[in-house]
Amino acid sequence: MKLINYNEVLVREKLEELLKNSSVCDCEQCKLDMMAIALNNLPPKYVVSQQGEIFSKAQAFNAQTAVDILGAITDAMEKVKRSPRH
Ligand SMILES: [Zn+2]
């Protein structure tokens, strides 16, 4: 059994996708900084994961979550782009 913050999973996925089509640096340092900024601006969404269990996105996902996550990531990308720490 494992406790995971589902928003962390969603942010990581979405961030990877957005970075592919952006000019923002995608080195490890910048990526983690963006994840930290985005996740600090989102409420945690803890779920208990059983070994091998795959969460269906629909389980923890809804339209409002998508909007909130996108907003938090966009904001984080702007901040890191302005002052990268690498
Ligand atoms: Zn970087």
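The values are calculated or read from the model by the stated rules, or taken from the named source; none is laboratory data. It should be emphasised that the depicted structure is a prediction, and the values quoted were computed from it without experimental measurement. Here Cβ is always computed from backbone atoms with ideal geometry, including for glycine, and neighbour counts include all displayed protein chains. Ligands, DNA and RNA are stripped out before the accessible areas are found, and what is left, the full protein with its side chains, is counted by its heavy atoms. Shrake-Rupley method; radii C 1.70, N 1.55, O 1.52, S 1.80 Å.
Listed values, structure above:
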| quantity | calculated |
| --- | --- |
| Solvent-accessible area, 1.4 Å probe, carbon plus sulfur percent, for the chain | 53 |
| Inter-label distance for residue 75 and residue 49, nm, one decimal - labels placed 7 Å from Cα along Cα-to-Cβ | 2.5 |
| Set of lysines with alpha-carbon distance to residue 81 below 28 Å, sequence-local pairs under 8 removed | 14, 20, 31, 45 |
| Among 7-14, 76-83, 39-46, 20-27, the order from most to least packed when residues are scored by Cβ within 10 Å on average | 7-14, 76-83, 39-46, 20-27 |
| The range 2-82: C-alpha gyration tensor shape, a/c 1.5 cut-off, then a/b vs b/c | prolate |
| Extension gain from residue 85 to residue 13, taking 0.36 nm per residue of separation minus the Cα-Cα distance | 23.7 nm |
| Solvent-accessible heavy-atom area per residue, rounded to whole Å², over the chain at 1.4 Å | 67 |
| Mean ellipticity per residue at 222 nm, deg cm²/dmol - from DSSP H runs of n ≥ 4 across the chain, formula -39500 (n - 2.57) | -19000 deg cm²/dmol |
